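Novice: Sharing a structure below in structure tokens format, with a few things to ask.
The values are calculated or read from the model by the stated rules, or taken from the named source; none is laboratory data. Computed from a prediction, not measured in an experiment: that's the story for all the values here. Methodologically, a virtual Cβ is constructed for each residue, glycine included, from the backbone with ideal geometry; neighbour enumeration extends over all protein chains shown. Protein only, heavy atoms only, side chains kept; ligands, DNA and RNA dropped before computing areas. Shrake-Rupley method; radii C 1.70, N 1.55, O 1.52, S 1.80 Å.
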Amino acid sequence: MSKFGYFLKSLIPHIESQDERNEAYLAEAVDIYDLERRMEQLERQGRETPPALSFAQGLR
């Protein structure tokens, strides 16, 4: 996380970062195949979502 990201996190601690949400999502996998599918989905999503939009999604 960048210094700016840590700064924002200190101002608004109750908002999870994208990395924290991704880790929680991956932790919900029921087996290795589900984990692999979720990892591929996150990779695809990362290529399709511009960085500005991924930050805005964290504010929901």
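Novice: If you take the residues in the range 32-51 that are of a type in the set (A, V, I, L, M) and open to solvent by less than 80 Å² (accessible area, probe 1.4 Å), which one is modelled with the lowest pLDDT?
Specialist: Checking each candidate, the answer is L42.
Novice: Any residue in the range 14-31 that is aliphatic (A, V, I, L, M), at pLDDT below 75 and exposed (fewer than 12 other Cβ atoms within 10 Å of the Cβ)?
Specialist: Looking for residues that are aliphatic (A, V, I, L, M), at pLDDT below 75 and exposed (fewer than 12 other Cβ atoms within 10 Å of the Cβ), one finds none in the range 14-31, hence no.
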